[in-house]
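Take a look at the structure below.
The values are calculated or read from the model by the stated rules, or taken from the named source; none is laboratory data. Computed from a prediction, not measured in an experiment: that's the story for all the values here. Please note: Cβ atoms are built from the backbone with ideal geometry, for glycine as well, and neighbour counts cover all protein chains shown. Ligands, DNA and RNA are excluded from the accessible area calculation, which covers all protein heavy atoms including side chains. Shrake-Rupley method; radii C 1.70, N 1.55, O 1.52, S 1.80 Å.
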Amino acid sequence: MSTPLSTPIDIMSDPNWWRQAVVYQIYPRSFADSGGDGIGDLKGITSRVNYLASLGIDAVWLSPFYPSALADGGYDVDDYRNVDPKLGTLADFDEMIGALHAAGLKLIVDIVPNHTSNRHEWFRQALAAGPGSAERNRYIFRDGKGPGGAEPPSEWPSYFGGSSWERVPDGQWYLHLFAKEQPDLNWDNREVRDDFLTTLRFWADRGVDGFRIDVAHHLVKDFSRPFPDRSALDLETLEHGQHPFADRDEVHDIYAEWRQVFNEYDPPRTAVAEAWVHASRRARYASPQGLGQAFNFDLLQSDFDAASFRRIITHNLTEARQSGASSTWVFSNHDVVRHATRYGLPKAASLASTGGEFQSGHAWLLSGGTSPELDVELGIRRANAATLLMLALPGSGYLYQGEELGLHEVGDLPADAMQDPTFFRSHGVEKGRDGCRVPLPWTIDGPSFGFGSAGAHLPQPAWFGPRSVQAEDDDPSSTLNLYRRALALRRKLQGGEALEWVDDLGDTVLHFRRPGGWESITNFGAEPVPLPPGVVLSSSPLNDETELPPDTTAWIS
Ligand code: NOJ
């Protein structure tokens, strides 16, 4: 379909490869299915390495591929040092990483340390061994309140709806901040800490280049004081480090130990924290003594708006400088409504949806993708403009599979197809995250649009055909070819991690300059603005080389 670019030579040995890398997130069960069972697998990824290399990315981040009953899309891990048999074997993993490395691509895997699955050997042992046992002490078991301990130990809600406590047959309760199939581990237990060090070495020894750490801010809990009311759990209002189970200072002792493990390797293994913490607290996760980098989800939570983009960029670059890390940028991932869709909705609708990190486009999703009306083309146009801006920023950019095709969220999945626990635990009130996890379209037609030889584990809409890789491959104006051109140019133009704002085109335009004369200009306004000469790429066609139309980014060099 496409020819791989020549292998970048230095990225494989450069210890700083991650600082300005472009990382492509693969949600493995929805990427490519080689086995014909409707579920994406590791051999499917291996078969698409040429596609990944031809995109021009630097690394792949693989969401969990471990054995799992999929109570939470694989973030409920049964065994941290194995591959889900539905996705392949450890030998398939070795083959996949070999193919990625041969193509000059690094591999980051997801580590889920806050909770195991309820099918993990440890949790089975904990249930069998009973209250007070060493086996239970790997998790957080407590007696309940009220007569017979029949009420949960606290009224804390789980992130996925309902209580965060589940009762077991002998009457005790265990904590699960997410689904009840995801019991929280007890990180005060040395055995838990040592086991994760073994897991990190297990994958690093197999050649894994870095780790994405799931809810990195939740591991340490302090239950030495009575459980506070749920109203006292707001991270924004609590004094820093005082929350009983989020962003406690002691969590950094864990990551300092992990850093020692990362540094046993050459080049050192990298890590990026998923930490939903106050912006001022993010730097600690990103410090070189800790995980080294942390996601900032600020752009992902922002409307398509010049002032707020500028504020976020300035703030995060300052913060990154302070921590010694480089900044991260992300618009889409497996947890949020795709950015093409968010930007195609009226601003008021996306603003009304600021109820939490997974809530953008909330009203639209709740309506089954019908209301407010989605402007499909505007969404893609703005998403491409935003992505081009993002790819010109210093730091690393994280892309989510399918965004390079301009895919929208699938908003009309039927209830009987849903898989996300948020849908079930909220009794269908929430629609969940399945709409961004629908298997990728590779071909214009055929069974599951080339995802595999049979169906797809989530139903694909008819509009996936014209948005498939095959359809976009030969179309010079496609989003896919825009991404390819942008990533190839970025490699050439990328220099030091500096950015200088150029205030010459008004409040609704963001214009900045990078070292070496690379400039990016985005027009967020309603009128065209004048362009300097030297355009090398634009996110939408320019009518006239001298003017930048609305909702468009141009690169100048
Ligand atoms: C964050 C992950 O991105 C999300 O998909 C998952 O549901 C939660 N952590 C719990 O593991």
Can you tell me how many residues in the stretch 467-508 are closer than 24 Å to GLU319 by Cα, of a type in the set (S, T, N, Q) and either open to solvent by 50 Å² or more (accessible area, probe 1.4 Å) or in contact with a Phe, Trp or Tyr (Cβ under 7 Å, 6 or more places away or on another chain) (or both)?
0
So which residues in the stretch 172-217 are of a type in the set (Gly, Ala, Ser), more than 17 Å from LEU127 (Cβ to Cβ) and within 14 Å of the ligand (Cβ to nearest atom), if there are any at all?
ALA216
In the stretch 65-73, is there at least one residue being open to solvent by 10 Å² or more (accessible area, probe 1.4 Å) and away from the ligand (no atom under 16 Å from the Cβ)?
no
Restricting the stretch 266-288 to residues that are in contact with a Phe, Trp or Tyr (Cβ under 6 Å, 6 or more places away or on another chain) and among the charged types (D, E, K, R), the one least open to solvent (accessible area, probe 1.4 Å) turns out to be GLU274
Select the strands (runs of 3 or more DSSP E) contained entirely in the stretch 464-557, then report the ones holding at least 1 residues which are polar (S, T, N, Q).
518-523, 535-538, 552-556
Flagged in the stretch 435-446 as in contact with a helix residue (DSSP H, G or I) (Cβ under 7 Å, 6 or more places away or on another chain) and either within 12 Å of the ligand (Cβ to nearest atom) or over 14 Å from LEU366 (Cβ atoms) (or both), in numbering order, are ARG437, VAL438, PRO439, LEU440, PRO441, TRP442, THR443, ILE444, ASP445
Could you check the stretch 509-521 and list, in sequence order, the residues that are under 29 Å from the mean Cα position of the chain (by Cα) and open to solvent by 40 Å² or more (accessible area, probe 1.4 Å)?
ARG513, PRO515
For the stretch 208-243, give me the residue count where each residue is closer than 17 Å to SER158 by Cβ and in contact with a strand residue (DSSP E or B) (Cβ under 7 Å, 6 or more places away or on another chain).
2
Taking PRO157 as meeting all but one of (1) more than 15 Å from the ligand (Cβ to nearest atom); (2) open to solvent by 20 Å² or more (accessible area, probe 1.4 Å); (3) more than 21 Å from ASN137 (Cα to Cα), write down the number of the exception.
(1)
Could you please find all residues in the stretch 405-449 being closer than 15 Å to VAL469 by Cα, part of a helix (DSSP H, G or I), open to solvent by less than 20 Å² (accessible area, probe 1.4 Å) and in contact with a Ser or Thr (Cβ under 8 Å, 6 or more places away or on another chain)?
LEU405
Among (1) away from the ligand (no atom under 16 Å from the Cβ); (2) not in a loop (DSSP other than H, G, I, E, B), where does VAL109 come up short?
(1)
For THR116, state whether it is open to solvent by 20 Å² or more (accessible area, probe 1.4 Å) and in contact with a helix residue (DSSP H, G or I) (Cβ under 7 Å, 6 or more places away or on another chain).
no
Given the criterion over 20 Å from the mean Cα position of the chain (by Cα) and open to solvent by less than 10 Å² (accessible area, probe 1.4 Å), identify the matching residue among ASP84, ASP14, ASP79.
ASP84
For ILE380, all conditions in the list (1) on the phi > 0 side of the Ramachandran plot; (2) crowded, with 23+ Cβ neighbours inside 10 Å hold save one; what is the number of the exception?
(1)
Sort out which residues of the stretch 187-201 are within 22 Å of ASP72 (Cβ to Cβ) and open to solvent by 10 Å² or more (accessible area, probe 1.4 Å), and write them in order of number.
ASP195
For the stretch 44-59, does any single residue satisfy the condition of being aliphatic (A, V, I, L, M), within 16 Å of the ligand (Cβ to nearest atom), modelled with pLDDT of 95 or more and open to solvent by less than 20 Å² (accessible area, probe 1.4 Å)?
no
Qualifying position, being open to solvent by 10 Å² or more (accessible area, probe 1.4 Å), in contact with a Leu (Cβ under 7 Å, 6 or more places away or on another chain), closer than 25 Å to THR553 by Cα and more than 16 Å from the ligand (Cβ to nearest atom), among ASP298, ASP303:
ASP303
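Each row is one residue, and each column tells you yes or no for (1) assigned to a helix (DSSP H, G or I); (2) modelled with pLDDT under 90; (3) among the hydrophobic types (A, V, I, L, M, F, W, C).
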| site | (1), (2), (3) |
| --- | --- |
| HIS240 | no, yes, no |
| HIS243 | no, no, no |
| ARG248 | no, no, no |
| GLN260 | yes, no, no |
| PRO267 | no, no, no |
| SER280 | yes, yes, no |
Check off (1) at positive phi; (2) loosely packed, with under 14 Cβ neighbours inside 10 Å; (3) not hydrophobic (A, V, I, L, M, F, W, C) for GLN260 and give me the number that stays unchecked.
(1)
Among all residue pairs at least 6 apart or on different chains, which show Cβ distances below 9 Å where the first residue, located in the stretch 58-82, is farther than 15 Å from ASP434 by Cα and the second is modelled with pLDDT under 95?
ASP58/PRO8; ASP58/ILE11; ALA59/ILE11; ASP76/PRO421
Do the conditions hold for ASN543, that is, is it farther than 24 Å from GLU497 by Cβ and crowded, with 16+ Cβ neighbours inside 10 Å?
no
I'm checking my understanding of the structure. Among residues of the stretch 259-292 that are basic (Lys, Arg) and closer than 19 Å to ALA320 by Cβ, which one is farthest from the ligand (Cβ to nearest atom)?
ARG259
Out of LEU291, LEU238, sole residue that is under 27 Å from THR314 (Cβ atoms) and open to solvent by 20 Å² or more (accessible area, probe 1.4 Å)
LEU238
How many residues, within the stretch 70-93, are in a helix (DSSP H, G or I) and more than 17 Å from ARG48 (Cβ to Cβ)?
2
Would you please list the contacts, defined by Cβ atoms under 6 Å and residues six or more apart or on different chains, that run from a residue in the stretch 436-461 that is polar (S, T, N, Q) to a residue that is assigned to a loop (DSSP other than H, G, I, E, B)?
THR443/SER468; SER448/GLY455; SER448/ALA456; SER453/GLY36; GLN460/VAL438
Taking ARG138, is it away from the ligand (no atom under 16 Å from the Cβ), open to solvent by 20 Å² or more (accessible area, probe 1.4 Å) and in contact with a Leu (Cβ under 8 Å, 6 or more places away or on another chain)?
yes
